[in-house]
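Written below as structure tokens is the structure these notes are about.
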Amino acid sequence: MNVGIIGSGTMGSGIAQVAATAGCQVKLYDTNQAALAKAKDSLEKILSRLVEKGRIDSDEKSRIQGHITYVDSLNDLGDSNLTIEAIIENLEIKKKVFSELEGYVADDCIIASNTSSLSIASIASSLQKPERCIGIHFFNPAPLMKLVEVIPAVQTSKAVLDKSVETIKSWKKTVAVAKDTPGFIVNRVARPFYGEALRIYEEGIADFATIDHSLKTLGGFRMGPFELMDFIGNDVNYTVTESVFTAFYFDPRYKPSFTQKRFAEAGYLGRKSGKGYYDYSEAAIKPEPKQDNKLAQLIFERVLVMLINEAADALFLNIASAEDIDNAMTKGVNYPKGLLAWADEKGIEWCVNKMDDLYNEYHEDRYRCSPLLRKMNRENKIFF
């Protein structure tokens with residue numbers, strides 16, 4: 001298979017590595033020659049490290065490198081069977097690129113976007129043959145993260161969906177098929193991990209270190225929400241939250257936090273700026289979490305039930321199957337368990353009661369219980 005990748009940044013280069021490793025002939029396109037040179041140099045370093053660690057041998061390294069050609073003209077992608085765009089999250093720029101690309105590729109070439117939040121239907125509308133367009137969303141770093149969300153637009157043909165799923169599975173990735181709605185699966189379902197943690201902080205219930213400690217110790221999450229926001233970048237995370245909030249017609253469940261907004265405005269972006277919710281300077285003293293088991297349990301359970309509620313609502317609205325929702329969260333953002341399986345473990349009645357307790361305390365629509373959880377509780381059902 002001939003694969004064209006548009007954009008040689010971190011995501012584009014990572015996807016190119018995945019496709020080349022799977023044996024595809026890849027052309028990595030960028031208008032910036034310096035960016036292409038950087039991508040080529042970066043791949044050399046990544047593959048050399050893999051050889052050093054014994055993950056691949058030198059022959060495999062050469063084979064992967066030999067499968068990637070670096071090009072600076074869209075016309076060079078003309079022989080592609082599949083193209084994947086991984087450029088700036090700007091709808092108009094993506095549509096312009098797709099429209100131009102369609103003039104070079106064959107009628108049966110699949111044209112995909114790696115967007116994490118934009119409407120696939122809107123992107124597809126820029127094409128003469130919109131049925132060939134689909135979302136194929138990798139997670140960063142693409143070579144390491146197992147999950148790929150595949151998102152058909154309302155225009156996407158079944159043949160294109162089936163071929164896309166088959167191709168990504170052949171690249172040894174776990175596929176989760178998602179409806180074309182804001183945030184797809186992961187960026188939608190994960191919002192409470194950040195939003196509810198911020199809300200707990202804003203209410204003065206606990207500080208950043210205590211909230212992070214609670215989620216890691218009791219929940220088994222690899223990183224706490226504030227550590228993770230600092231890792232992602234407060235500006236990036238806030239923008240995604242704001243985008244999802246707007247796209248869902250200002251549903252209060254996705255309401256952004258003024259705390260995060262102010263941190264981003266102050267330039268406290270996290271690790272990349274040296275300061276976020278935590279100070280990353282050499283002289284910084286690491287804050288100690290408050291050792292209070294009852295408080296930790298309260299924090300963990302509040303964030304967990306909000307995550308479960310979001311996952312249940314995604315299933316209720318047919319965003320994806322239960323299996324794909326749980327796979328998305330464990331393989332896309334490394335959650336220790338699938339949220340729906342976690343709901344079964346805690347008990348559906350426990351989930352409903354926890355949500356009702358929050359609603360009764362705050363009387364905010366943010367804490368409305370998913371209709372699916374209520375229905376399952378009445379019928380004494382579980383997800384799996």
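Looking at residue 46 and the list (1) in a loop (DSSP other than H, G, I, E, B); (2) more than 24 Å from residue 165 (Cβ to Cβ); (3) in contact with a helix residue (DSSP H, G or I) (Cβ under 8 Å, 6 or more places away or on another chain); (4) not acidic (Asp, Glu), which single condition is not satisfied?
Of the numbered conditions (1) in a loop (DSSP other than H, G, I, E, B); (2) more than 24 Å from residue 165 (Cβ to Cβ); (3) in contact with a helix residue (DSSP H, G or I) (Cβ under 8 Å, 6 or more places away or on another chain); (4) not acidic (Asp, Glu), the odd one out for residue 46 is (1).
Scan the range 103-116 for residues that are in contact (Cβ under 8 Å) with a residue 12 or more places away in the chain and surrounded by fewer than 17 Cβ atoms within 10 Å (Cβ to Cβ) and jot them down.
106, 107, 108
Among the listed residues 350, 342, which satisfies the condition of being buried (at least 16 other Cβ atoms within 10 Å of the Cβ) and part of a helix (DSSP H, G or I)?
342
Specify the residue that is farthest from residue 325 (Cα to Cα); the eligible residues are those in the range 368-384 that are in contact (Cβ under 8 Å) with a residue 24 or more places away in the chain and assigned to a helix (DSSP H, G or I).
Per the stated criteria, the residue is 377.
Among the residues of the range 201-229, write down those that are touching a residue at least 60 places away in the same chain (Cβ under 8 Å) and within 14 Å of residue 333 (Cβ to Cβ).
Answer for the range 201-229, where residues must be touching a residue at least 60 places away in the same chain (Cβ under 8 Å) and within 14 Å of residue 333 (Cβ to Cβ): 215, 219, 220, 221, 222, 225.
Evaluate the range 140-156: report whether one residue or more is assigned by TED's automatic domain parsing to the domain that holds residue 17, touching a strand residue (DSSP E or B) at 6+ places or on another chain (Cβ under 7 Å), part of a helix (DSSP H, G or I) and surrounded by fewer than 23 Cβ atoms within 10 Å (Cβ to Cβ).
No; the residues of the range 140-156 include none that is assigned by TED's automatic domain parsing to the domain that holds residue 17, touching a strand residue (DSSP E or B) at 6+ places or on another chain (Cβ under 7 Å), part of a helix (DSSP H, G or I) and surrounded by fewer than 23 Cβ atoms within 10 Å (Cβ to Cβ).
Taking residue 111, is it under 19 Å from the mean Cα position of the chain (by Cα), under 22 Å from residue 88 (Cβ atoms), in the same structural domain as residue 10 (by TED's automatic domain parsing) and β-branched (Val, Ile, Thr)?
Against the criterion (under 19 Å from the mean Cα position of the chain (by Cα), under 22 Å from residue 88 (Cβ atoms), in the same structural domain as residue 10 (by TED's automatic domain parsing) and β-branched (Val, Ile, Thr)), residue 111 does not qualify.
Name the one entry in 86, 22, 34 that is surrounded by 19 or more Cβ atoms within 10 Å (Cβ to Cβ) and either within 22 Å of residue 139 (Cα to Cα) or out of contact with any Gly (no Cβ under 8 Å at 6 or more places or on another chain) (or both).
Exactly one of 86, 22, 34 is surrounded by 19 or more Cβ atoms within 10 Å (Cβ to Cβ) and either within 22 Å of residue 139 (Cα to Cα) or out of contact with any Gly (no Cβ under 8 Å at 6 or more places or on another chain) (or both), namely 86.
Here is a check on your reading of the model: is residue 167 over 30 Å from residue 19 (Cα atoms), polar (S, T, N, Q), part of a helix (DSSP H, G or I) and out of contact with any strand residue (DSSP E or B) (no Cβ under 6 Å at 6 or more places or on another chain)?
Considered against the rule, which asks whether it is over 30 Å from residue 19 (Cα atoms), polar (S, T, N, Q), part of a helix (DSSP H, G or I) and out of contact with any strand residue (DSSP E or B) (no Cβ under 6 Å at 6 or more places or on another chain), residue 167 comes out as no.
The values are calculated or read from the model by the stated rules, or taken from the named source; none is laboratory data. Quick caveat: nothing in here was measured; it's all calculated off a predicted structure. Cβ coordinates were reconstructed from backbone atoms using ideal geometry, including for glycine residues, and neighbour counts include every protein chain displayed.
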